[in-house]
Amino acid sequence: MTDVATCARVWRRGSGVATFGLTRAPFSGGFAAVYRRFPSLHEEIDVRWSQLLIPTVRENPADAEVASHRLMVRAGMIRKVAAGIYDYLPLGLKVIRKVEAIVREEMVRAGAQEILLPAVQPAELWKESGRWEIYGKELLRIRDRHEREFCFGPTHEEVVTDLVRREVRSYKALPINLFQIQTKFRDEVRPRFGLMRGREFLMKDAYSFDADDDGAKAAYQRMFDAYVRIFRRCGLDFRAVEADTGSIGGRDSHEFHVLAESGEDQIVFCSKCQYAANVERARYAPDPPTDGVESAPGEPAEASTPDARTVDEVCRSLGIPPTALGKTLIVVADGSPIAAMVRGDHELNEPALRTLLGASVLEMADAGVVREVTGASVGFAGPVGLAIPVFVDEALRGASGLAVGANRDGFHLTGVSPERDFTVARWGAIRRATAADRCADCGSSLDFRRGIEVGHVFRLGTKYSDALKCTFLDADGRPQPMVMGCYGIGVGRTAAAAIEQNHDERGIRWPVALAPFEVAVLALNPAPAVFAAAETIHDKFVRAGVDVIFDDRSERAGVKFTDAELIGFPFVVVVGSKGLEAGEVELKDRRTGATEKAPFDAVVQVLAQRIFEARCL
Ligand code: ATP
Ligand code: MG
């Protein structure tokens, strides 16, 4: 175990010895060795508030829907430049650098080497992998003065594979794992939530290259373990869950989610066993046939349902429960429209449908395509008489007497039975799991929580090494494709997710590891003795290697308190005249809300110890 003294010492510049009564301990490996390699974050720097650009504001920004966005703007950490594009101000950048430092240390510890690849990438590489055509509008395509095509990298599989195919030729040079921390650009449809879904954002991306599957599996596990350490050290409550592999493609994938109500993703846990997955790909125990279908079988008949388009409206109009409705969605799979049908109370699981179809890209059809295919507007599509294949969810197997869209505006059909009234191209489990489902592995009930995806690990197999011919010569001199993995962490999103999980109505409550400063020292009034005493405490913290800021502004105490709580420093040391007379200062813990008196002479020692413990988690 890394003890406090070791931490204290290595957090100081060089290899000095911890002061303030902390005992000397032999320098041991672990975190200590790692920190020694990256001492820059906790150099002994004298920081005065009045010298920094910390433009705090009282009002919430109008466009901020979530706490992290609101609070990062109000705490003077970020400013918007354009949709999804931000300035990082000193405090914001400091947090980002802390996330980066933890990520970097754990990557190096796991054996990855840091590189920096170009942000702007030639189209040729993307054409070689086949992604130039399929990546869609998120890819920012640009032309240079010679009309040559480039893109601003949303991810770097192509570029890194190109590097490795040129530079690594022999099995002796494998395995290799390369990582970078770099700016990505993705032209997101809906940039929002501040740093959580930006268009320009910082990502750590790592890529592993192995000689065989076993090696690739081991590399994946090493990265998985490193991610667990990273998010634990960031002080976050997180879960690793099975995930969909999306357009990057591949076989195995886990996402790391920070649990927070504002999360865009829904994750599913088994209440009993270890099973956890993104709802996008959550498995569940198979549906019993005809489960929940309540309407009586009959012959298809048209029913007028004017203005009823949503499941609720149609059910109200026909007087049926959602379980008696077949919801038909028109989906474009690799350019061809198909129909997918799920029960009225279920949601389509797009990745499951994509897998069933063996398609690369799925998009919901727009109104024009829906009309072309069904002859009706959105909301009235149904499976009967369609010229395109209809894929139906297993929950409807054996169902009869369903209500479905009539492919005619203002009408639905009742009494419809799959197979009898329309051809089912294929049955499949193409709906999302619900609270009524049971765990596929152990049969227990499933719990649902919301999560923010902060990291993602994939086993890619030879998808990119085949496409880009990234081969090595094995021991017998035969060329073999390298087996790859890729591993991403959203650096800015991690910082924002920390806020989503740690805030209250007054502001942020940073985990110690990510706080822009660990301690703020605050003089209650401008009396010279108070100011000088606060300065002394600040200087002692600096010498102890604590990341401290001295609020030396000539502001009212109320303003200083409000700002400190808004920005969310884990600890505030308050120096006032009365306390000084008694040889005391006040120590406020932002996370617990506790306030205690501490002796002026010992406060630094006591607090430094607590902070080092929190850092070394
Ligand atoms: P999402 O489903 O949220 O769009 P993704 O699957 O596209 O994420 P990856 O391609 O796996 O994301 O990227 C790796 C990591 O980069 C993600 O886990 C996330 O933390 C981060 N990330 C992705 N998109 C954004 C974005 N628009 N803004 C900030 N961070 C992002
Ligand atoms: Mg995305």
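The values are calculated or read from the model by the stated rules, or taken from the named source; none is laboratory data. The structure presented is a predicted model; accordingly, all values stated were derived computationally and were not measured. Reconstructed Cβ throughout: ideal geometry from the backbone, glycine too, with neighbour counts over all protein chains shown. Accessible surface is based on the protein model in full, side chains and every heavy atom, while ligands, DNA and RNA are left aside. Shrake-Rupley method; radii C 1.70, N 1.55, O 1.52, S 1.80 Å.
Diagonalise the Cα gyration tensor of the chain and give the resulting equivalent ellipsoid semi-axes, square root of 5 times each eigenvalue, largest first, whole Å. Write out the running numbers ahead of the final one.
Details: eigenvalues 534, 197, 98 Å².
Rounded to whole Å, the semi-axes are 52, 31, 22.
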Counting only DSSP beta bridges with both residues in the stretch 445-600, what percent are antiparallel, rounded to the nearest 5? 70
Rg/Rh (Cα only; Kirkwood hydrodynamic radius) as it applies to the stretch 485-539: 1.23
Charges on Cβ only, +1 for Lys and Arg, -1 for Asp and Glu, centred on the Cα centroid of the stretch 462-617; of ALA495, ALA614, PHE517, which one is farthest towards the dipole's positive end? ALA495
Keeping the other protein chains in place, figure out the carbon and sulfur percent of the accessible area of the chain, with a 1.4 Å probe. 50
What residue among GLY545, LEU91, PRO321 has its Cα farthest toward the positive end of the dipole of the chain, where the charges are +1 on Lys, Arg and -1 on Asp, Glu, each on the Cβ? GLY545
Accessible surface of SER465 in the full protein assembly, 1.4 angstrom probe, to the nearest 10 Å²? 0
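Ranking request for peptides 91-100, 66-75, 360-369, 315-324: highest mean number of other beta-carbon atoms within 10 Å first, then the rest in descending order. Please report the intermediate quantities before stating the final value.
On the way: 91-100: 22.0, 66-75: 24.1, 360-369: 14.2, 315-324: 16.4.
For the peptides 91-100, 66-75, 360-369, 315-324, the packing ranking is 66-75, 91-100, 315-324, 360-369.
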Fraction of antiparallel bridges per DSSP, the stretch 512-617 only, in percent to nearest 5: 50
Over the chain: helical MRE at 222 nm, DSSP H runs n ≥ 4 each giving -39500 (n - 2.57), nearest 500: -8500 deg cm²/dmol
Just to compare against my own numbers: the Cα pair-distance distribution for the stretch 278-420, 5 Å bins, whole % per bin, please. 2, 11, 20, 23, 21, 14, 7, 1
Please say if the stretch 384-480 is rounded, prolate or oblate, where rounded means a/c under 1.5 for a ≥ b ≥ c the square roots of the C-alpha gyration tensor eigenvalues, and otherwise the choice is prolate for a/b larger than b/c and oblate otherwise? prolate
Cα-centre dipole for the chain with unit charges at Cβ (Lys and Arg positive, Asp and Glu negative), debye to 20: 1640
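Pairs of alpha-carbon atoms within less than 8 angstrom and 6+ residues apart define the contacts here; what relative contact order does the stretch 543-617 have, in percent? Please report the intermediate quantities before stating the final value.
Details: 58 pairs, mean separation 17.0, N = 75.
Across the stretch 543-617, relative contact order equals 23 percent.
Order THR536, THR355, THR155, most accessible first, counting only protein heavy atoms with a 1.4 angstrom probe. Mind showing how you got there, number by number?
On the way: THR536 60, THR355 105, THR155 5 Å².
Descending order: THR355, THR536, THR155.
May I ask you to give the solvent-accessible area per residue for the chain, in square angstrom, as obtained with a 1.4 angstrom probe?
Heavy-atom SASA per residue in the chain reads 42 Å².
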Among ASN278, PRO122, GLY235 - extreme Cα towards positive end, dipole of the chain, charges at beta-carbon: GLY235
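Checking the a/c ratio against 1.5 first, then a/b against b/c, what shape does the Cα gyration tensor give for the stretch 126-203? If you can, show how the numbers build up before the last one.
Numbers: a/c = 2.51, a/b = 1.48, b/c = 1.70.
Because a/c hits 1.5 or more and a/b fails to exceed b/c, the stretch 126-203 counts as oblate.
Rg over Rh of the stretch 329-394, using C-alpha atoms and the Kirkwood radius, what does it come to?
Details: Rg = 11.1 Å, Rh = 12.0 Å.
That ratio equals 0.92.
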Need one word for the stretch 107-251: rounded, prolate or oblate. Basis is the Cα gyration tensor (sqrt eigenvalues a ≥ b ≥ c); a/c below 1.5 gives rounded, then a/b vs b/c decides. oblate
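Taking 41 Å as R0, compute the FRET efficiency from the Cβ-Cβ separation of PHE448 and ALA83 and round it to 0.05.
Details: r = 31 Å, r/R0 = 0.75.
In this case the efficiency is close to 0.85.
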